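Undergrad: Here it is: the structure, laid out below.
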Amino acid sequence: MPDFKPFGGHNYGGYEYASDTVISWTVWLLATYGSFYIDPIEAGGILAGALYLQEHPEIWMDEDDETFMGNGASAVHNVQAGYCMYHTFFKGRREPMIWVPAHAELFADIYCTYAEDTKANPPILYAHDAHYMGMFLGMAAAFVLDWVRPHKKGGPTAIWQKWLPFLAGFTMYKVQSNKEEARKAQLPSHQSVS
């Protein structure tokens, strides 16, 4: 896919496969609309902050993570979708414009953990750390913003629903950790990862 560098730094396109670009940008569109549906002012700040983090991975990722970050908009739309997840899973909001992006991101992130193939040529790799860290940053931002500027509450949510984002995040964390450990094990002891 063609490169897309609107700020001159990070490549928000450039995925190996066109299907990855379509999925990523569809989820990004949904997460952007969903977050602005909740609160346009907060959503603007979250989008700006997420874009800044995507452009500057050295702020929030260690060296090993940066080497795996790759291309795409995953960190941005995971932060935005994390904001929607908080309102879906913890505030009980069921409006489709909030519910759909929250679940679409969960599905896309979990799909990436199972679609990854390190033995393929070229390997199919995803930056799961950008996914789970972005998602948790978005949920944390939503929690803090909701504490400062309370939003309407929806219906009750079952406890298992509240655990969905954490189970997905833990799965992504484990897959990324295993991948990084395997990579370190393949390097000679005098060679650095960066």
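The values are calculated or read from the model by the stated rules, or taken from the named source; none is laboratory data. Remember, predicted model here, so these are calculated numbers, not experimental data. Cβ sites come from the backbone with ideal geometry, for glycine too, and all protein chains shown count toward neighbours.
Undergrad: Has the stretch 150-158 got at least one residue that is assigned to a helix (DSSP H, G or I) and at pLDDT 90 or above?
TA: No.
Undergrad: Quick check, is Ala81 crowded, with 22+ Cβ neighbours inside 10 Å, at pLDDT below 95 and part of a helix (DSSP H, G or I)?
TA: On the way: crowded, with 22+ Cβ neighbours inside 10 Å: yes; at pLDDT below 95: no; part of a helix (DSSP H, G or I): yes.
Against the criterion (crowded, with 22+ Cβ neighbours inside 10 Å, at pLDDT below 95 and part of a helix (DSSP H, G or I)), Ala81 does not qualify.
Undergrad: What is the number of the single condition among (1) at pLDDT 95 or above; (2) buried (at least 18 other Cβ atoms within 10 Å of the Cβ); (3) among the aliphatic types (A, V, I, L, M) that Leu29 does not meet?
TA: Checking Leu29 against (1) at pLDDT 95 or above; (2) buried (at least 18 other Cβ atoms within 10 Å of the Cβ); (3) among the aliphatic types (A, V, I, L, M), the one that fails is (2).
Undergrad: Can you tell me how many residues in the stretch 150-180 are within 16 Å of the chain's Cα centre (by Cα) and within 19 Å of Phe90 (Cβ to Cβ)?
TA: Looking only at that region, the number is 7.
Undergrad: Given the structure, is Asp129 within 21 Å of Val79 (Cβ to Cβ), in contact with an Asp or Glu (Cβ under 9 Å, 6 or more places away or on another chain) and part of a helix (DSSP H, G or I)?
TA: Criteria met by Asp129.
Undergrad: Same structure, new question: Against the conditions (1) crowded, with 22+ Cβ neighbours inside 10 Å; (2) free of Cβ contacts under 8 Å to residues at least 60 places away in the same chain, where does Phe36 fall short? Just the number, please.
TA: (1)
Undergrad: Can you tell me which residue within the stretch 4-33, out of those that are without any contact (Cβ under 8 Å) to a residue 40 or more places away in the chain and of a type outside the set (Ser, Thr, Tyr), is nearest to Asp146 (Cα to Cα)?
TA: Within the stretch 4-33, the match that is nearest to Asp146 (Cα to Cα) is Leu29.
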